[in-house]
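Everything below concerns the one structure shown next.
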Amino acid sequence: YQTGLEIMPISATHGAGFSDLEDHLASRFAIPAGEESFRKDIVFRMSMLGRPNVGKSSLVNCLAGSQRQLVSDVPGTTRDAVDIEIEHPKGPILLVDTPGVRRKKKIKAQMERLSVLAALKSIERSDVVVVVLDVTENMADQDARLMSLVHERGKGLIVVVNKTDLFNAQQNKTFLEELKYKMRFVSYAPVMKVSALTGHGVGRIIKKAADTFQSAQIRISTGRLNKFLADAVGTLEPPSVKGKRAKLSYMTQASVQPPTFIVWVNNPDLVPVHYRRYLENRLRKQEAFLGTPLRWIYRKKRQKL
C-alpha cells in the first residue's frame with residue numbers, strides 16, 4: 001500500500017478473487033466514451049491486399065500523405081493489418097494495410113501464417129478491397145484467389161497495377177490486356193494504373209473506392225426491375241432446356257452490400273448459366289454498377305391451387 005499501487009489478493013489454487021480481477025481488467029480495456037460513436041462516422045472501410053513486395057505500404061503512405069508504414073525491399077515487412085484513418089470531404093475513411101499473402105505451400109513460419117490470417121480477415125471488415133498487383137510480374141493464381149475471396153464475400157473490388165513507371169506505354173498496354181482476360185471472372189472490377197514511386201494515379205484510388213462503395217448501396221425499385229426483366233426477356237428469351245422453357249415472372253431487390261436480387265421462375269433449373277450471365281450484364285449496363293458483385297437468387301414460383 002505504501003507504493004500507491006492497487007492490491008488485489010487472489011488464490012490461483014482455489015480461484016479466489018479472480019472474478020474481481022477479471023472485472024478490473026475488463027474495465028481497463030473498455031472502449032473510451034465517444035470512441036464508439038466516432039467509429040460510426042467512418043464513411044467506409046477499404047483494405048489493401050496482395051502478394052509480398054507489390055507496393056501496398058508505399059501506396060498507403062501516398063494516400064495518407066505521410067510515412068505511416070515502413071517500406072522495405074524485404075518481403076514480410078508488414079506483419080499485421082494496420083488501420084490508418086484518411087480525411088475525406090464526407091468524413092474519415094479507414095484504410096487497412098495488410099501483410100503480403102503467399103501461397104499456402106510457401107507459408108512455413110507460424111508468424112507468416114498469422115500474417116496471412118490477418119490479411120484475409122481484413123476482407124471481412126472492409127467495404128471495398130483493393131488488390132494490388134506488380135506490373136513487372138504476371139498475374140498469379142494467388143492473385144486470382146484473392147479476387148475470388150473478395151467476390152465470394154460480396155465486397156467491392158478494385159484492382160490496382162503498381163510500378164507502371166518501370167514499363168513503357170506499350171508494355172503497360174500489353175500487361176493490362178492480358179490482365180483483363182485473366183480476371184474475366186470479376187470483369188466488373190475497375191483496373192487502375194498507378195505508381196507509388198512517382199504518385200501517378202494514386203490520388204484517384206480513394207475516388208474510385210468511394211464510387212465502388214456507393215454502387216454497393218444502389219437500390220432499384222420493384223417497378224423498374226420488372227420493366228427491366230420484361231425488356232430483357234423480350235429481347236432474348238430463355239433457351240429451351242429438354243423441350244421446356246423458363247418463365248421469368250417477377251423480380252425484386254432483397255438487400256444491398258452487395259445488391260441482391262430475387263427472380264421468381266417456374267423452374268430455376270431451366271435458367272442456364274449463360275442466360276443468368278446475360279441478365280446480370282444487361283442490368284450492369286443499365287444501372288452502371290461499379291466494382292461491386294451482384295447476387296442473384298432464382299426461386300420457384302408457387303403454383304396456384
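The values are calculated or read from the model by the stated rules, or taken from the named source; none is laboratory data. Predicted model, so just to flag it, every value in this text is computed and none were measured. Don't worry about glycine lacking a Cβ; one is built from the backbone with ideal geometry, like all the others, and counts go over all protein chains shown. Ligands, DNA and RNA are excluded from the accessible area calculation, which covers all protein heavy atoms including side chains. Shrake-Rupley method; radii C 1.70, N 1.55, O 1.52, S 1.80 Å.
Do the conditions hold for Asn226, that is, is it under 20 Å from Ser58 (Cα atoms) and either touching a helix residue (DSSP H, G or I) at 6+ places or on another chain (Cβ under 6 Å) or surrounded by 13 or more Cβ atoms within 10 Å (Cβ to Cβ) (or both)? Spell out the reasoning first.
Working: under 20 Å from Ser58 (Cα atoms): no; either touching a helix residue (DSSP H, G or I) at 6+ places or on another chain (Cβ under 6 Å) or surrounded by 13 or more Cβ atoms within 10 Å (Cβ to Cβ) (or both): yes.
Here the answer is no, as Asn226 does not meet what is asked.
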Q. Of the residues that sit in the stretch 138-177 and are under 20 Å from Val202 (Cα atoms) and basic (Lys, Arg), which one is most open to solvent (accessible area, probe 1.4 Å)?
A. Lys173
Q) Looking at the stretch 124-137, is at least one residue open to solvent by 70 Å² or more (accessible area, probe 1.4 Å), assigned to a helix (DSSP H, G or I), closer than 18 Å to Leu49 by Cα and charged (D, E, K, R)? A) yes
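Which one is most open to solvent (accessible area, probe 1.4 Å), of the residues in the stretch 246-305 that are assigned to a loop (DSSP other than H, G, I, E, B) and touching a Ser or Thr at 6+ places or on another chain (Cβ under 6 Å)? It would help to see each step written out before you state the result.
Here is the first cut: in the stretch 246-305, the ones assigned to a loop (DSSP other than H, G, I, E, B) are 246-247, 256-259, 266-267, 271-272, 288-294, 301-305.
From the residues that got through so far, the ones that are touching a Ser or Thr at 6+ places or on another chain (Cβ under 6 Å) too are 258, 289-292, 301.
Working: Pro258: 17, Phe289: 18, Leu290: 46, Gly291: 0, Thr292: 1, Lys301: 97 Å².
Restricting to residues being assigned to a loop (DSSP other than H, G, I, E, B) and touching a Ser or Thr at 6+ places or on another chain (Cβ under 6 Å), the top hit is Lys301.
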**Q.** Those residues of the stretch 178-200 which are of a type in the set (Gly, Ala, Ser) and buried (at least 18 other Cβ atoms within 10 Å of the Cβ), in sequence order
**A.** Ala189, Ser195, Ala196
Q: Could you list, in sequence order, all residues of the stretch 212-245 that are in contact with a Phe, Trp or Tyr (Cβ under 6 Å, 6 or more places away or on another chain) and not in a helix (DSSP H, G or I)?
A: Pro238
Q: Considering each residue of the stretch 229-242, count those that are open to solvent by 80 Å² or more (accessible area, probe 1.4 Å) and in contact with a strand residue (DSSP E or B) (Cβ under 9 Å, 6 or more places away or on another chain), and give that number.
A: 1
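Tally the residues that are charged (D, E, K, R) and open to solvent by less than 100 Å² (accessible area, probe 1.4 Å), restricting the search to the stretch 3-20.
In the first step, residues of the stretch 3-20 are kept if they are charged (D, E, K, R); the result is 6, 20.
So of that shortlist, the ones also open to solvent by less than 100 Å² (accessible area, probe 1.4 Å) come out as 20.
Adding up the residues that qualify gives 1.
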(Q) Suppose we filter the stretch 82-99 for residues that are open to solvent by 40 Å² or more (accessible area, probe 1.4 Å) and part of a strand (DSSP E or B); how many remain? (A) 3
**Q.** Index of the failed condition, Ala196 passing every other in (1) assigned to a loop (DSSP other than H, G, I, E, B); (2) closer than 26 Å to Ser255 by Cα; (3) of a type in the set (Gly, Ala, Ser)
**A.** (2)
Q.
Any residue at all in the stretch 207-228 that's of a type outside the set (Lys, Arg) and touching a His at 6+ places or on another chain (Cβ under 8 Å)?
A. yes
